[in-house]
Amino acid sequence: MLKHLGTSGRGSVIIANHPSILDAPIFLSQIPNVICVFKSALKQGLLLSKAASILGYLSNDTGIGLLRGMVDALEQDETVLIFPEGTRTSAGGDFSQFNRSYALAAMRSQVSIQLVYIDSDTPILSKRQHFLRAGTFPGKFNFELGPTIEPGDFQTVRQVHRFVENWYRMRMENLVPSPRTFLPVKCCFTQDEAQITASFTVPESPFYCLGHMPGNPLVPGYVQMAWVREVLSQYEPRPVLRSRYIRWKFIQPILPSDCVTIVIVASDSRFQVGFYKGESKVTQGRVILELDSD
């Protein structure tokens with residue numbers, strides 16, 4: 001999935017936590033032509049400093065110069081990768097306070113921000129392990145795509161920053177993936193007796209459309225089902241053990257930038273689902289949840 005990031009033809013910001021030195025090389029090997037913001041201490045090495053300069057990477061010690069460099073790159077439809085912690089995550093697993101430059105640059109350039117959470121089962125090349133101690137092999141790194149923040153989702157840099165820090169904090173405190181990955185950040189929920197409604201606009205270039213029907217992107221069926229699961233998770237206090245999707249019918253395609261309304265009518269743990277664009281129903285189906293009885 002990483003290889004599809006940064007291929008929309010528009011500028012974007014990718015941010016991630018930073019548990020290991022290997023994080024950046026993995027990103028750079030998967031995403032073409034990405035501009036990386038690197039730690040200024042790396043400029044002390046002759047080879048790394050020269051390579052970063054040739055590739056147009058940005059140092060995090062230049063203050064306003066860094067911000068201008070990010071904005072210039074984004075306005076030229078480049079993809080910028082930044083680790084807002086500025087260094088690797090501490091040995092205790094708690095992330096450092098995020099620098100807000102990513103939010104300033106994204107809002108100034110009116111581009112999206114893609115959140116990525118990195119997890120690993122090995123402490124190799126992290127602050128948890130001394131560099132002289134042998135690592136555990138093989139090591140597994142998991143890159144989880146989080147929410148995409150679109151231009152207009154928030155009005156201020158502080159709002160963006162608060163959402164991002166809260167999302168990473170909650171994700172680090174939970175061993176299971178975040179329940180909200182596919183729904184847009186800006187989503188309006190209403191509940192009336194047994195009916196739940198969610199309204200939102202599909203992002204212009206969401207990660208789940210990249211590589212799917214190139215040239216004519218549309219929202220895959222599994223994403224529409226994931227939207228329903230994430231909406232229900234907002235209202236169901238008990239853990240969901242399994243979801244069963246029955247007799248789903250995709251009547252019309254849902255495209256990027258479409259305004260969508262999901263109407264869910266509940267009856268115990270059974271739900272009748274309808275997707276609408278205006279007055280037209282575009283998808284329908286049923287969902288049965290198996291809930292934890294404890």
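The values are calculated or read from the model by the stated rules, or taken from the named source; none is laboratory data. Quick caveat: nothing in here was measured; it's all calculated off a predicted structure. FYI the Cβ positions are ideal-geometry reconstructions off the backbone, even for glycines, and counts take in every protein chain you see. Each accessible area value is taken on the protein alone, full model and side chains, heavy atoms only, with ligands, DNA and RNA left out. Shrake-Rupley method; radii C 1.70, N 1.55, O 1.52, S 1.80 Å.
Go through the residues of the stretch 217-235 one by one and say whether even a single one is at positive phi and surrounded by fewer than 16 Cβ atoms within 10 Å (Cβ to Cβ). Among the residues of the stretch 217-235, not one is at positive phi and surrounded by fewer than 16 Cβ atoms within 10 Å (Cβ to Cβ), which makes the answer no. Within the stretch 225-283, track down each residue that is of a type in the set (A, V, I, L, M) and under 12 Å from residue 196 (Cβ atoms). If the condition is that a residue be of a type in the set (A, V, I, L, M) and under 12 Å from residue 196 (Cβ atoms), then 228, 231, 232, 262, 263, 264, 265, 266, 273 are the ones that fit. Scanning the stretch 206-224 for residues that are out of contact with any Ser or Thr (no Cβ under 8 Å at 6 or more places or on another chain) and of a type in the set (A, V, I, L, M, F, W, C) returns 209, 213, 218, 219, 223.
Cβ-Cβ distances below 9 Å connect the following pairs, each with a first residue in the stretch 199-218 that is of a type in the set (Val, Ile, Thr) and in a loop (DSSP other than H, G, I, E, B), a second residue that is open to solvent by 40 Å² or more (accessible area, probe 1.4 Å) and at pLDDT 80 or above, and a separation of six or more residues or different chains: 202/255; 202/257; 202/259. Residues in the stretch 180-196 include none that are touching a strand residue (DSSP E or B) at 6+ places or on another chain (Cβ under 9 Å), in a helix (DSSP H, G or I), open to solvent by 70 Å² or more (accessible area, probe 1.4 Å) and under 18 Å from residue 274 (Cβ atoms). Checking each residue in the stretch 251-290 for being of a type in the set (Val, Ile, Thr) and over 18 Å from residue 183 (Cβ atoms) picks out 251, 265, 288. Among the residues of the stretch 96-109, those identified as surrounded by fewer than 19 Cβ atoms within 10 Å (Cβ to Cβ) and closer than 14 Å to residue 67 by Cα are 99, 100, 104, 108. Within the stretch 264-281, being within 27 Å of the chain's Cα centre (by Cα) and within 16 Å of residue 245 (Cβ to Cβ) holds for 264, 273, 274, 275.
Scanning the stretch 163-176 for residues that are open to solvent by 100 Å² or more (accessible area, probe 1.4 Å) and over 15 Å from the mean Cα position of the chain (by Cα) yields 173, 175. Can residue 264 be described as in contact with a Gly (Cβ under 7 Å, 6 or more places away or on another chain) and not in a loop (DSSP other than H, G, I, E, B)? No.
Quick one: is residue 286 over 27 Å from the mean Cα position of the chain (by Cα), open to solvent by 70 Å² or more (accessible area, probe 1.4 Å) and either touching a residue at least 40 places away in the same chain (Cβ under 8 Å) or closer than 22 Å to residue 145 by Cα (or both)? In short, yes.
Per-residue answers, yes or no, for (1) at pLDDT below 85; (2) of a type in the set (Lys, Arg):
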| residue | (1), (2) |
| --- | --- |
| 129 | yes, no |
| 134 | yes, no |
| 143 | no, no |
| 155 | no, no |
| 158 | no, yes |
